[in-house]
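**Q** Supplied in structure tokens, the structure appears directly below.
The values are calculated or read from the model by the stated rules, or taken from the named source; none is laboratory data. Computed from a prediction, not measured in an experiment: that's the story for all the values here. Virtual Cβ from ideal backbone geometry, glycine too; neighbours counted across all protein chains shown. We work out accessible area using only protein heavy atoms, side chains counted, and drop any ligands, DNA or RNA first. Shrake-Rupley method; radii C 1.70, N 1.55, O 1.52, S 1.80 Å.
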Amino acid sequence: MNIIIVGSGKVGYTLAKHLNEEGHEITVIDSDEETIKYISSEMDIYCVLGNGTSYRTQKEAGIEKADLLISVANQDEINLLSCLMAKKAGNCQTIARVRNPEYYAEIGYIREELGLSMSINPEWEAANEMARLIQYPSALSAETFRRRMSLLHLVIPEGSILNGMSVADFAAKISKNILVCIVKRGKEIVIPRGDFVMQTGDAISVSLPIREATPFFKKIGVPANPIKTVLIAGGGRIAYYLAKQLRDTGVEVRIIEEDKKRCEELSEALPKALIIQGEAIDKELLLEEGIQGVDAMAALTDIDEENIMLSLYAKRVSNAKTMTKIDKIEFPEVIDDLGIDSLIVPKAITAASIIRYVRAMQNSLGSNVQTLYRLMDGRVEALEFIINKKAKVIGKPIRELKIRKNVLICSILHRGKVIMPSGNDVLRKGDSVIVVTTNLGLDDIDDILEV
């Protein structure tokens with residue numbers, strides 16, 4: 001597809017990189033000459049220097065032939081105006097990043113009036129991911145499909161009954177309703193077969209009904225105590241959205257923020273949260289505010305290095321689950337070795353949401369990608385497809401389908417019933433199917449089949 005991206009900051013650059021790798025024709029518009037030069041040297045894409053809200057600039061970028069315009073500039077107003085201009089000039093589909101909580105509270109009305117195909121708020125998406133993690137304290141990350149199925153990621157601890165257990169034995173000894181989908185051992189990532197034997201220290205991903213999560217953690221010897229207190233370092237938008245989601249669930253929230261004016265704003269917007277003015281990196285303040293006794297710590301300052309240090313300190317002095325926001329540092333494998341629980345990367349979360357929409361747009365058969373998660377540093381994708389009557393996979397037992405290597409069907413939702421698939425199960429029209437694969441770029445359920 002022909003896609004124009006307005007803004008080449010962290011999110012814009014990530015989007016351009018991923019969509020270019022997926023074979024789309026990408027044009028980037030940005031008003032900063034140095035940024036345009038850098039992107040031109042890094043990627044084989046067309047770049048236009050100018051204002052994304054300008055008709056002349058959009059015309060130079062090829063708006064009349066564009067299928068989609070994505071505006072992710074730093075200002076919401078620029079994004080909204082760029083999308084409005086694109087609808088008038090090219091009649092293409094549009095996606096706008098909208099971050100201001102006041103705008104986002106009225107996003108339904110804004111989308112309808114401006115004809116937006118999609119709006120995305122990176123801070124809200126990041127907060128939503130952390131809220132899911134708080135539901136599953138023992139998971140490193142958690143993805144949810146239709147509020148029925150989850151894909152949970154954890155590390156096999158010392159002394160776990162999973163150590164030395166094969167994937168084939170897992171169903172008999174643990175649960176027939178849970179499937180081991182991915183195993184990461186060191187730098188190697190495997191979609192495991194039945195004879196694969198798990199070991200202590202393996203990072204595994206399991207697909208399971210949401211109700212099975214707590215019993216599963218208890219069975220394998222992983223603590224699953226509910227989180228009752230959360231300490232948030234930094235009072236930015238992500239902190240606001242996270243506290244807002246947690247306030248009605250009975251979770252006690254404390255936010256440390258240095259700026260006095262921002263503290264006053266948070267106090268007014270979040271009356272149930274405790275707002276503390278001070279430096280989040282202040283060791284004495286952290287101890288005074290009870291970091292040793294909290295159940296979870298979210299490091300959400302604007303400085304990646306501070307967030308990493310805060311999480312490492314929390315791990316040292318407490319048993320808290322740590323969630324660490326990373327914006328700029330590009331060495332996730334190094335951070336993984338530090339023992340931090342969960343990394344939160346807003347630009348990656350945003351890119352995955354938009355890529356899912358792009359995949360759905362280009363589908364010719366209609367078995368659209370409904371949900372898309374990029375896992376394991378972007379090396380694995382978990383996708384949900386809805387099967388339509390034209391799909392080639394319909395009507396045959398799974399064992400008779402010629403499925404590509406490194407593709408695993410994790411679950412089937414048939415008429416509201418969750419099915420953990422076996423070779424005898426059959427895919428039908430209307431089924432929701434979750435697939436995990438290291439073959440990136442699947443657009444349609446039929447793409448799981450060998451060509």
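**Q** Evaluate the distance, in nm, between pseudo-label points positioned 7 Å from the Cα of K173 and of Y55 along their respective Cα→Cβ axes.
**A** Spacing of the two 7 Å Cα→Cβ label points: 7.0 nm.
**Q** Hey, another quick one. Out of the DSSP beta bridges found with both residues in the chain, what percent are antiparallel (nearest 5)? Please list the in-between numbers first.
**A** Details: 44 of 85 bridges.
About 50 percent, rounded to the nearest 5.
**Q** Arrange the residues D195, D431 by how much accessible surface each exposes, largest first, with a 1.4 angstrom probe. Don't jump to the answer; show the numbers that get you there.
**A** Numbers: D195 120, D431 0 Å².
Putting D195, D431 in descending order of accessible area: D195, D431.
**Q** Decide, for the stretch 155-213, between rounded, prolate and oblate: order the square roots of the alpha carbon gyration tensor eigenvalues as a ≥ b ≥ c, take rounded if a/c falls under 1.5, and otherwise choose prolate if a/b is larger than b/c, else oblate.
**A** Details: a/c = 1.42, a/b = 1.36, b/c = 1.04.
Taking the square roots of the gyration eigenvalues as a ≥ b ≥ c, the stretch 155-213 is rounded.
**Q** Can you send over the solvent-accessible area of E42, 1.4 Å probe, protein chains only, in Å² to the nearest 10?
**A** 100
**Q** Can you classify the stretch 137-189 as rounded, prolate or oblate using the Cα gyration tensor, where a ≥ b ≥ c are the square roots of its eigenvalues, rounded means a/c under 1.5, and otherwise it's prolate if a/b beats b/c and oblate if not? Can you show the working numbers first?
**A** Working: a/c = 1.70, a/b = 1.21, b/c = 1.40.
Oblate shape, in that a/c is at least 1.5 and b/c is the bigger or equal ratio.
**Q** Within a Cβ distance under 10 Å of D282, other residues only, what is the Lys/Arg minus Asp/Glu net charge? Each step should come with its number before you reach the end.
**A** Details: positive: K283; negative: E258, E279, E284, E288, E289.
Overall, the nearby charge balance is -4.
**Q** Please work out the FRET efficiency for the pair V197 and R428, using the Cβ-Cβ distance as r and a Förster radius of 35 Å; give the result to the nearest 0.05. Walk me through the numbers before you get to the answer.
**A** Working: r = 34 Å, r/R0 = 0.98.
The formula returns an efficiency of 0.55 here.
**Q** Please find the FRET efficiency linking L287 to E264, where r is the Cβ-Cβ separation and R0 is fixed at 35 Å, and quote it to the nearest 0.05. Before the final figure, lay out each step's value.
**A** Values: r = 25 Å, r/R0 = 0.72.
According to the calculation, E is roughly 0.90.
**Q** Separate question: Starting from the Cα of V190, step 7 Å along the direction of its Cβ; do the same at R316; then give the gap between the two resulting points in nm.
**A** 3.6
**Q** Mind scanning K261/K347; K87/K260; K176/K315; K347/K429; K187/K283; K187/K328 and naming the pairs with a C-alpha gap bigger than 31 Å? Could you put the intermediate results ahead of the total?
**A** Values: K261/K347 27 Å; K87/K260 42 Å; K176/K315 34 Å; K347/K429 35 Å; K187/K283 34 Å; K187/K328 22 Å.
K87/K260; K176/K315; K347/K429; K187/K283, as the Cα separations exceed 31 Å there.
**Q** What does the charge count around Q370 come to, taking other residues whose C-beta lies under 14 Å from its C-beta (Lys +1, Arg +1, Asp -1, Glu -1)? Spell out each step's value before the answer.
**A** Working: positive: R146, R147, R148, R356, R359; negative: E143, E381, E384, D431, D443, D444.
Neighbourhood net charge equals -1.
**Q** Could you work out how much longer the chain between E25 and E106 gets when fully extended? Use 0.36 nm per residue separation minus the Cα distance between them, nm to one decimal.
**A** Here the segment from E25 to E106 would lengthen by 25.9 nm.
**Q** Here is a follow-up. Could you report the accessible area of K321 in Å², rounded to 10, computed with a 1.4 Å probe on the protein chains as they sit in the structure?
**A** Estimated to the nearest 10 Å², K321 gives 10 Å².
**Q** If you add up the charges near Q245, with Lys and Arg at +1 and Asp and Glu at -1, over every other residue whose beta carbon is less than 11 angstrom from its beta carbon, what do you get? Write down the numbers at each step before the final one.
**A** Numbers: positive: R132, K244, R247; negative: E129, D248.
In short, +1.
**Q** Could you rank the peptides 84-95, 414-425 by their average count of other C-beta atoms within 10 Å per residue, with the highest value first? Don't skip to the answer; put the middle values down first.
**A** Details: 84-95: 20.3, 414-425: 13.2.
Listed from highest to lowest mean packing, they are 84-95, 414-425.
**Q** For the pair S40/R247, report the inter-label distance in nm, with labels modelled 7 Å from Cα in the Cβ direction.
**A** Distance between the two pseudo-spin positions: 4.8 nm.
**Q** Continuing with the same structure: In terms of solvent-accessible area of protein heavy atoms at a 1.4 angstrom probe, what is the ranking of S311, S138, S40, highest value first? Don't jump to the answer; show the numbers that get you there.
**A** Details: S311 0, S138 25, S40 60 Å².
Largest accessible area first, the list is S40, S138, S311.
**Q** Please state the shape class of the chain: rounded when a/c is under 1.5, otherwise prolate if a/b exceeds b/c and oblate if not, all from the C-alpha gyration tensor. Mind showing how you got there, number by number?
**A** Values: a/c = 1.80, a/b = 1.05, b/c = 1.72.
It comes out oblate by the Cα gyration axes.
**Q** Of all accessible surface on the stretch 299-451 at a 1.4 Å probe, what whole percent is carbon and sulfur? Each step should come with its number before you reach the end.
**A** Details: 3380 of 6980 Å².
Summing carbon and sulfur atoms, their accessible area is 48 percent of the total for the stretch 299-451.
**Q** Write down the percent of antiparallel bridges among all DSSP beta bridges whose residues are both part of the stretch 64-190, to the nearest 5.
**A** Details: 8 of 15 bridges.
Beta bridges within the stretch 64-190, antiparallel portion: roughly 55 percent.
**Q** Which value, in Å², gives the accessible area per residue of the stretch 347-451 when a 1.4 Å probe is used on the protein heavy atoms? Numbers along the way, then the final one.
**A** Working: 4640 Å² over 105 residues.
Heavy-atom accessible area per residue stands at 44 Å².
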